Structure formats: C-alpha cells, structure tokens
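Below is one structure, written out as structure tokens; comments come after it.
The values are calculated or read from the model by the stated rules, or taken from the named source; none is laboratory data. Since this is a predicted model, take the numbers as computed values, not measurements. Please note: Cβ atoms are built from the backbone with ideal geometry, for glycine as well, and neighbour counts cover all protein chains shown.
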C-alpha cells in the first residue's frame, strides 16, 4: 500500500498498485486524481517519516534571477572574478559542466556566454534568515548547516499542526516559492543521513523520501562518496582497498571496518546500513570565523602579503566584535599558483578579539611561508571560539589601565628625543586573582559542552 499526497490541492489518498511506479528518488510521483497535478508524492512509509532536510536550489543564483528577471533563461555564475572560484551557479550553467569551487577561467571555457555576478552576502543572509523564520513556524527543532540548508525534526507535527511531517514540508515548500520567489528541494526520512541524501535526488524543486524498509537496497549500489564524511582522500583510500559501493561496506563487520579505517570505520558500518542516531540539534556551535581573498596576480612579496593580511585581520576582528566572540587559535590559509593549499595555525595564550594580537600571530605564520612561492589566495581566521567576556584577561587591572591610558594620551606630545617613562604595572592581589579565577571557572562550568558530531 502506498500513501499519496498532492502538493497543490492537498488531496490525500491510498494506492493499491501491483506494478511499480515511476521512481522519483526513492519515492514516487503519481498523478493526482483531483487536480491532475503530476507532482503528487507517494510512499509506503509517508506518514511515519519525520526527519526533513531542506536545501535551497542554487540559492545565490536563484536570488539574483528573482531580482533580475532578464536572467531567468541565462547561465548565471556567482563569484569568480578575474582569478577567483565559482561560489555557485544556476542549473542552466550546470548543464555546461560548471560546478561550485571551480576556477573562474575553467567556468568561462565551459560556458562562455555565462553572466558572472558578484556575491551580495547581506542580501543572501537576509533571505536565508527569512526562510529560517518560515521553518520555525513549523518546528523549533532546526539544525542549520549553512545559510541555505537545514535539518528539521517534525516528530510532533501531527500533535502540533494536525498534519504529518510530509504535509508540513510540502506546505513549507510552496510557501517559500510563493513568498520568497525561489525553489527548495526537500528530503524526508527517518534519520539525518538519509534525509540529506534524499534532498539531493530530485533537484530542483524536488521532494524525495527514503524509508526504513528500502534503505539497505537503496544504498547498496550507491558510490562510497555518497557517505557523509567521505572526501576525495578517503574515497581514494577506499577505492585502493577495492571498496567502491556502499553495498560492499554492508558486507563487512564493524571490527574489520574499525581495524582498517579507525574510528570512521564505525561510522561506515552504521551509515551503510541506514542507521544514524544523531539528533537534530537546535543550534550548532560555530567552529571558526575567517576572511580570505584571491589576488588578480600571484604574489610572493612579504610586504604585499602582509598588507593584505592586515586588511583581512581587520575584517575578522570587526566580525568578532560584532558577534561578541573571541578566538583561541589563529589560522593562516595560503593557496599557491599551482592550487596547492597551505594551512597553518597558532594557538594563543588566551582567547582574543584584539586585532593587533591576531595580526601579530598571522604575520608570524606568514613570514615562515615566504620561500619564493607565489600565492594566489590568502586567508586569515580564528578557531576555538569563546564568548567575548572570556577574552583578553586585562580586566584584573581595569582601574590601573584607565590611568595608564590617560598617561599614554599625554605622552603623544613627547618628542622622539625625550626619554619615555617606563610604567611599572602593579601585580594583582591574591583577592583579585581569586575573584577572577572563580568567575572564569563558573563561566567554564556553565558553558554548554561541544556537541559531538557523531555519537557512534
């Protein structure tokens, strides 16, 4: 028996079919008997599935096409510039082979008629938050993955809205298209891993489902790169071991997988069998904050790179202050002219949001990488983020610092020939130290623990 639902007229019915339906991902599209809509969804487990994944279709490009109707039928590429990479592209451009993160010159070769547009992050963020608010009207159990995609837990949808999770998501899909003017694709399953996979099956403007009874068969012939966490390096390693499909992982026991691939082997064991016990977390902790730029011409000079690093650090410090967070580790990112990536980091004594401290660490890392290599990209960022009140522990000397600041202001009038007075900072008292340590201990104790990405 199949449960069917029409996204246009919301007609619900049951199907008794002996012949297989045309596939739409792992679910099926059927014609609606009431309004003749050809996008009605059907699945034997439709009322039971409750974990959804929403992904906006070519989000940046869709927003630009919405605002510039003359570009509707044209290939649109966001980002790129003279030496940059493609941030995203519309589905028209994808037909030519253009993909995200592709070098701009390659995208121009594949699609010479493409329209290149600069990204407008403020506009994209505004629309992303707007969609996020629409999701919150359905459920508060939302886990954002990026500005344009998120997980949703609709286990209590029937109790809250009197509708199944599928009905709520179909309504949301229609609302976003009507009010925001873009399309989104939705995946629905019984866990996050399969919900994410199903949302990619019928882009754009798709709605796909994967149920428990079909999970093993559905995953069996899929490539290992579909597994969450399998990047190019791990894919090469699996292929070297003769493992190319998820079905081959299903045939291996957990001890074999752990022995061969370590802790990630445990994840392979469960994911390959359609098992994922991760919950939808209402908020995810930001792990880093950074700013980077691609140069028009390759640069090898320390002075030029230092000047660019200074500008990037200023942006990072401004974002830290605005978001009221501090970073404990400074990260330097460099990409050479042959596209090889170098990432260096330095852990500070304490978290900071001070521009001068971050810049000093970034320049220290940068100087070590000046070896004649010409670079095409430079990035500066911070990781290990904390609340701003845990940063730069100068508050022990708050009263004295104010006095020092006044003295420093007066010292601006001193000529270079005049010897400067060395200020002897007073040491904190035992009581001050005790109060500071007690406050910081309480902040640390009350701080929410970091969520484990995988709980296997």
Looking only at residues that are buried (at least 16 other Cβ atoms within 10 Å of the Cβ) and part of a loop (DSSP other than H, G, I, E, B) in the stretch 229-243, which one is modelled with the highest pLDDT? 243
Please go through the stretch 285-327 and give me each residue that is over 25 Å from residue 104 (Cα atoms), under 27 Å from the mean Cα position of the chain (by Cα) and in a helix (DSSP H, G or I), ordered by number. 310, 313, 314, 316, 317, 318, 319, 320, 321, 322, 323
Yes or no: residue 356 outside the structural domain of residue 237 (by TED's automatic domain parsing), surrounded by fewer than 14 Cβ atoms within 10 Å (Cβ to Cβ), assigned to a helix (DSSP H, G or I) and over 24 Å from the mean Cα position of the chain (by Cα)? yes
The stretch 319-336, residues that are surrounded by fewer than 16 Cβ atoms within 10 Å (Cβ to Cβ) and either touching a strand residue (DSSP E or B) at 6+ places or on another chain (Cβ under 6 Å) or in contact (Cβ under 8 Å) with a residue 24 or more places away in the chain (or both): 321, 323, 324
Residues located in the stretch 169-190, provided they are within 19 Å of the chain's Cα centre (by Cα) and farther than 14 Å from residue 134 by Cα: 185, 186, 187
Here are 272, 288, 263: which of them is in contact (Cβ under 8 Å) with a residue 40 or more places away in the chain and exposed (fewer than 15 other Cβ atoms within 10 Å of the Cβ)? 288
Residues that are in contact with a helix residue (DSSP H, G or I) (Cβ under 6 Å, 6 or more places away or on another chain): list the helices (runs of 4 or more DSSP H) wholly contained in the stretch 70-156 that include at least 1 such residues. 121-136
Within the stretch 44-92, residues being touching a strand residue (DSSP E or B) at 6+ places or on another chain (Cβ under 8 Å) and closer than 22 Å to residue 138 by Cα number 13
Filtered residue count, the stretch 198-213, keeping only those that are in contact with a helix residue (DSSP H, G or I) (Cβ under 7 Å, 6 or more places away or on another chain), at pLDDT 90 or above and surrounded by fewer than 24 Cβ atoms within 10 Å (Cβ to Cβ): 0
Just one listed residue, out of 303, 263, is out of contact with any helix residue (DSSP H, G or I) (no Cβ under 8 Å at 6 or more places or on another chain) and assigned by TED's automatic domain parsing to the domain that holds residue 229, and it is 263
Among the candidates 216, 145, 172, single out the residue that is surrounded by fewer than 19 Cβ atoms within 10 Å (Cβ to Cβ) and under 22 Å from residue 123 (Cα atoms). 145
Checked the stretch 55-69 for anything in a helix (DSSP H, G or I) and surrounded by fewer than 17 Cβ atoms within 10 Å (Cβ to Cβ); matches are 66, 67, 69
